[in-house]
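Q: The following block contains the structure, expressed as C-alpha cells.
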C-alpha cells in the first residue's frame, strides 16, 4: 500500500460515518416534483404537435388557392409597370 | 392508453420509492458533505439539493434504459452543485470545511463515491489532469490541519474562484 493510498484512506474515513436522517416524505416530494416535470414536458410536446399540424394545414390551404406550381401564360406579355 | 399510462405511473412510483428508501441515506450523506452541513444536525440545504436531483431522476425513470438510477442521481447532484456551489462557500461545521466547493465536489465524487477519474472529469467538464491536481490538493489540505481562511462574501464570484487564503498551488 503506497503512502498516497494511505492518505486517501485517511481522508475517506473523515467523510464516512452514519448517514444523516432521511426525511420520510423525501421520496414523495421528489416524485411529485418529477411528475410535474413530466407533465410539463408532455404539455410542451403536445403544443409543438398542434403548431406543426396547424402549419401543415395552412400551407396546404395556401398551396390549393395560389397553385404556385402552374406556369404563367406564355402567350401574353406581363404588364409593363414603372416605365 | 389512459390505463397503460396509469399503470406505468404507479409502477414508476413504486420503483422510485424503493430506490429512495435504499439509496436516499447515502445520497443525502454525499449531498451534506457537498453543502458543508454537519451530518448530525438538520441538513436542509442538502435535502433541497437532493430533492431536485431526485425529481430529475424520476422524470427520466422510464428512459434510463439500464442506467443505474443511483449513478444518474449522483451525477445530477454533481451538476447541480457545480452550478450552485458558490452558495456554499462559507464553512458551516461540516467535515470538508477547509475546502472550496469545487475541491469538495471532486473529493466527494472521487473518494466518497469512488467515481473514476475519467468519469469525474467528464461530469465536471475538466481535463483529467486537473481533476487529479484538485484531488491531490484537497487531500493534502485535509491532512494538513490548517483551517481555511474564512473569505469575505464576494459578489459576482464564481464557483471556480478560490478564496485568497486557499489559492496556493492551483493555477
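The values are calculated or read from the model by the stated rules, or taken from the named source; none is laboratory data. Since the model is a prediction, treat every value here as computed from it, not as a measurement. No Cβ is skipped: glycine too gets one built from the backbone with ideal geometry, and neighbour counts run over all protein chains shown.
Q: Does residue B:69 satisfy being away from chain A (no Cβ under 11 Å) and touching a residue at least 60 places away in the same chain (Cβ under 8 Å)?
A: Answer is no for this residue.
Q: In segment B:25-45, which residues are surrounded by 21 or more Cβ atoms within 10 Å (Cβ to Cβ) and either touching a strand residue (DSSP E or B) at 6+ places or on another chain (Cβ under 8 Å) or within 7 Å of chain A (Cβ to nearest Cβ) (or both)?
A: Passing the criteria: B:28, B:29, B:32, B:33, B:43.
Q: Something else about it: Being in a helix (DSSP H, G or I) and surrounded by fewer than 21 Cβ atoms within 10 Å (Cβ to Cβ) is the filter here, so list the residues in segment B:122-138 that pass it.
A: B:122, B:123, B:124, B:128, B:129, B:130, B:132, B:133, B:135, B:136, B:137
Q: Checking the condition within 24 Å of residue A:18 (Cβ to Cβ), out of contact with any strand residue (DSSP E or B) (no Cβ under 6 Å at 6 or more places or on another chain), at pLDDT below 95 and within 14 Å of another protein chain (Cβ to nearest Cβ), which residue from B:98, B:137 passes?
A: B:98
Q: If you don't mind, another one. What single numbered condition from (1) surrounded by 11 or more Cβ atoms within 10 Å (Cβ to Cβ); (2) within 14 Å of another protein chain (Cβ to nearest Cβ); (3) not in a loop (DSSP other than H, G, I, E, B) fails to hold for residue A:21?
A: (3)
Q: Identify, by number, the condition in (1) under 32 Å from the mean Cα position of the chain (by Cα); (2) closer than 30 Å to residue B:140 by Cβ that residue A:48 doesn't meet.
A: Condition not satisfied by residue A:48: (2).
Q: Right, something else. Here is a check on your reading of the model: is residue B:14 over 24 Å from the mean Cα position of the chain (by Cα) and closer than 22 Å to residue B:72 by Cα?
A: yes
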